[in-house]
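> Supplied in structure tokens, the structure appears directly below.
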Amino acid sequence: MAIPGTKPKPTRIKKLNGNPSGRPLNKKEPKPIKSKEPKEWSVVKKNKIAHAAFVDNVKILNSMQMLTDAEITLLNVLCICQARIEEAEEQISKDGITTSYTNTRGETNPVSHPSVGTSIKYAQMLRSICTEFGMTPSSRGRLQLPTEKIESDFDGLLD
């Protein structure tokens, strides 16, 4: 059963965005371990496109410090989506965006290539997964990394 309302933000994201409402942050939120060696699904390893996407996305997510063991499943799904989109687009490039369909009366009609729908479906899934990871410009724009305090040699003398 779905829970009504907006889905909750992780505490880490709330800290990066700031907490303008002043509501207390969840101190008991699970904190998964950062992933040292993300495990690739066998289907991802076998697909050259998905494997390349996995390697690229691991680098991106590690640089953003957003990859933990809890996200590995979602990361594998993201890579499969990327591979399926590329495969569908290659098929469309080869066959064209339309194809012909012969109905039961024997009439031939032009219809959209089935790969068009496949590409759109996986692109929507990919976009929502990328948003979860903060990998879209708008989702990244809502994040504010904490500013690093630059310590001076004189900081200790002022106390």
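> Pull up the cross-link candidates among the lysines for LYS27, meaning alpha carbon to alpha carbon under 21 Å and not fewer than 8 places away within one chain.
LYS7, LYS9, LYS14, LYS15
> Tell me, what is the Rg over Rh of the range 49-95, with Rh the Kirkwood radius over Cα pairs?
1.11
> Which net charge results when you count Lys and Arg as +1 and Asp and Glu as -1 among the other residues whose beta-carbon is under 12 Å from that of MET125?
Charge balance near MET125 sits at +2.
> If I stretch the segment between LYS45 and ILE97 completely, what's the gain in nm (0.36 nm per residue apart, minus their alpha carbon distance), one decimal?
Working it through step by step, the gained length comes to 15.8 nm.
> Also, I was wondering about something else. Just list whichever of LYS48/LYS94; LYS31/LYS59; LYS34/LYS121 have alpha carbons separated by over 25 Å in the model shown.
Too far apart for the 25 Å limit: LYS34/LYS121.
> Related question: I want to check the label-to-label distance for LEU16 and ASP56. Put each point 7 Å from Cα in the C-beta direction and report it in nm to one decimal.
2.1
> Using the Karplus curve 6.51 cos²θ - 1.76 cosθ + 1.60 with θ = phi - 60°, work out ³J(HN,Hα) for each residue of the range 12-18 in order, rounded to whole Hz, and write x for Gly and Pro.
So the Karplus estimates, Gly and Pro as x, are 4, 5, 4, 5, 5, 6, x Hz.
> For a test of the definition: using alpha carbon positions, the gyration tensor, and the 1.5 limit on a/c, classify the range 1-58 as rounded, prolate or oblate.
Verdict is prolate for the range 1-58.
No lab work stands behind these numbers, since they all come straight from the coordinates. Everything quoted here is computed from the prediction, not taken from an experiment. In this analysis, Cβ positions are derived from the backbone assuming ideal geometry, glycine residues included, and neighbour counts consider all displayed protein chains.
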